[in-house]
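**Q** Input: one structure, supplied below.
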């Protein structure tokens, strides 16, 4: 069976806060999926609150999977660990901001010189609301300029 | 200069051009171009580029500070758990008095409990005593439990070392035996011990000493060899010289291997993380240089992937045998650039290609053997063969080694019949060039 391939890369900033020392912080993360709607619902269901993707990238040829792999390497020093295991969340002790993470992703995309595009601002943040149903691979590949823009 | 005037639609890689003499001629052009990127030019940190006597050290306080970094959540959870358990009375604070002690002990006072220690392996004793490698300083500490009731030291670990120490004495192999009357029982040996009378504790001790060990990663072995040659000026160890030679290539080409725990440098494109595979090139330096140069030419801003080593390595082996100059412009233009264009266009990176290649090979192997895909093994050179097949399918004209005909069976067809149908752009392009 072929490996399940993903066409979307997302950036998530949790809606809820974690206590870190004496302060409270949202947690920043990323991942790939072939169904952003289902994925964001999973985050919401397991965390007990509505979650949203602040940024969403798409590539018809699964390029986002390689973008994510390279991103993971580049984030090694900022990576959060849970029980000693590295996870796809940014360490709460890292100074990396959402903008920094987005810039890193876009630098990687530029470096690979591949047609990865980002979902237009009018469809973000992505929370699988009814008006966001149009954001799927089929629509994006049929009408790329309607739903996405160049990075 | 020839001018392109038209394209033969039936054979997409052939264009018809005007020659200088005005005659029409067919010229081969590969259908996909590799688009080179500009290297970001990250400054390489050459940790192993050292002079004789140049050591790098740190204090315990510095290491402690490293440990207590708030990012080390597992450590902080461990400390928190200790504190909670002690506060709740579930645990006592561990006693400093139970730390091991050291003493010279007469052999007659040591007991080897065969239920605690494994059977004596005479070959292992001989291995430890191998005259080519033996150094007294590296003999293991004899680890015991001192039973205050019997006044005996129960051996927990290093019985082979103990027996070797005694056997050297009985064979008169020690240079400086003091207070030794020829009776092995009277020989004094160095023992570390803790006081207790529970054999269960001995058994646990044996498991702890022999079970939980942090494995030495390949990077550490490479580093030790390189530093032995460069810093300690060891000119007798052949492996050290080989490691130094390979490391010099890394440095010349702008790369540096890193430890798997080196999170600071893991982000850089110059970092080599596949160290074991790198060390496999101690005797194949030219092959390694080709791997690095090929990576640097096409993928300067991402890390060398483990898959590239076999891919470029086999290309090097095959075309070297065929007497090609793999650094020539002709080889780049006719073979490497088109191959990298295939990887870049359809699989994004060599890692993406290798991952896809594994799937293709497993489907092919499954069809051939009837085994489920997850039980099928792939060939070391399978990715190289797959790439050459794609290159040939898209009209590549460079001479190829006969290996390109591997992974083809009369009954089930060619490897290219098993490409991943999810790769829609690849499928479409392949169909436009005819079925394999």
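**Q** Quick one: length gained pulling residue B:369 to residue B:234 fully straight, 0.36 nm per residue minus the C-alpha distance?
**A** Full extension of this stretch gives 43.4 nm more.
**Q** Here's something else I'd like to know. Using Cα atoms only, what is the angle between the long axis of helix B:285-298 and the major principal axis of chain B, expressed in degrees (0 to 90) to the nearest 10?
**A** It works out to around 60 degrees.
**Q** Peptides B:133-139, A:119-125, B:293-299: what's the order by average Cβ count within 10 Å, highest mean first?
**A** Result, highest mean Cβ count within 10 Å first: B:293-299, A:119-125, B:133-139.
**Q** What is the mean number of Cβ atoms from other protein chains located within 10 Å of the Cβ atom of each residue in peptide A:66-77, rounded to a whole number?
**A** For this peptide, the per-residue mean of nearby foreign Cβ atoms is 5.
**Q** Can you tell me the 0 to 90 degree angle between the C-alpha axis of helix A:63-74 and the longest principal axis of chain A, rounded to 10?
**A** 20 degrees
**Q** What is the packing order of peptides B:35-48, B:309-322, taking the mean over residues of other C-beta atoms within 10 Å and listing the highest first?
**A** Top of the packing list down: B:309-322, B:35-48.
**Q** Separate question: Mind checking B:345-352 for the average number of partner chain beta-carbons within 10 Å of each residue's beta-carbon?
**A** Taking all residues of B:345-352 together, the mean is 5.
**Q** Could I ask something else about it? Taking the Cα atoms only, what angle lies between the long axis of helix B:382-393 and the longest principal axis of chain B, rounded to 10 degrees?
**A** For B:382-393 against chain B, the angle is about 10 degrees.
**Q** With the Cα gyration tensor of region B:346-436 giving a ≥ b ≥ c as the square roots of its eigenvalues, does the rule (a/c under 1.5 for rounded; else a/b larger than b/c for prolate; else oblate) give rounded, prolate or oblate?
**A** Because its axes are fairly even, with a/c under 1.5, region B:346-436 counts as rounded.
**Q** Then there's this: For the residues B:82, B:288, A:89, what sequence is obtained by ranking on other C-beta atoms within 10 Å, fewest first?
**A** B:82, A:89, B:288
**Q** OK, next. Counting each DSSP H run of 4 or more residues in chain A as -39500 (n - 2.57), what helix-only mean residue ellipticity at 222 nm follows after dividing by all residues, to the nearest 500 deg cm²/dmol?
**A** After summing the helix terms and dividing by residue count, I get -9500 deg cm²/dmol.
**Q** Using a 10 angstrom cutoff on alpha carbons, build the Gaussian network for chain B and name the most mobile of B:366, B:276, B:77.
**A** Answer for the Gaussian network model of chain B: B:77.
**Q** Another question about this same structure. Averaged over B:419-425, how many beta carbons belonging to a partner chain fall within 10 Å of each residue's beta carbon?
**A** 3
**Q** How do B:302, B:412 line up, fewest other C-beta atoms within 10 Å first?
**A** B:412, B:302
**Q** A follow-up question, please. What is region B:46-121 by shape, rounded, prolate or oblate, if you read a ≥ b ≥ c off the alpha carbon gyration tensor as root eigenvalues and call it rounded for a/c under 1.5, prolate for a/b larger than b/c, and oblate otherwise?
**A** Because a/c hits 1.5 or more and a/b fails to exceed b/c, region B:46-121 counts as oblate.
**Q** Relative contact order (percent) for chain A, with alpha-carbon contacts under 8 angstrom and 6 or more residues of separation?
**A** Normalised by residue count, the contact order of chain A is 26 percent.
**Q** What is the fewest-to-most order of A:16, B:398 by other Cβ atoms lying within 10 Å of their Cβ?
**A** Ordered from fewest to most neighbouring Cβ atoms within 10 Å, A:16, B:398 come out as A:16, B:398.
**Q** Could you work out the relative contact order of region A:73-151, using alpha carbon pairs under 8 angstrom and six or more residues apart, expressed as a whole percent?
**A** 24 percent
**Q** Only helical DSSP H runs with n ≥ 4 go in: add -39500 (n - 2.57) per run for chain B, normalise by residue count and round the 222 nm mean residue ellipticity to 500 deg cm²/dmol.
**A** Rounded to the nearest 500, the figure is -11500 deg cm²/dmol.
**Q** Could you tell me how far the Cα centroid of region B:106-180 sits from the Cα centroid of region B:64-84, in Å?
**A** Answer, in whole Å: 38.
**Q** When only C-alpha pairs under 8 Å and at least 6 residues apart count, what is the relative contact order of region B:72-222, in percent?
**A** 31 percent
**Q** Shape verdict for region A:1-78, please, from the Cα gyration tensor: rounded (a/c under 1.5), prolate (a/b greater than b/c) or oblate.
**A** Oblate shape, in that a/c is at least 1.5 and b/c is the bigger or equal ratio.
**Q** Which of the peptides A:30-36, B:422-428, B:154-160, B:263-269 is most tightly packed, and how do the rest follow, judged by the mean count of other Cβ atoms within 10 Å per residue?
**A** B:154-160, A:30-36, B:263-269, B:422-428
Values in this text are rule-based calculations from the coordinates and carry no lab data. Not measured: the values here are computed from a predicted model. No Cβ is skipped: glycine too gets one built from the backbone with ideal geometry, and neighbour counts run over all protein chains shown.
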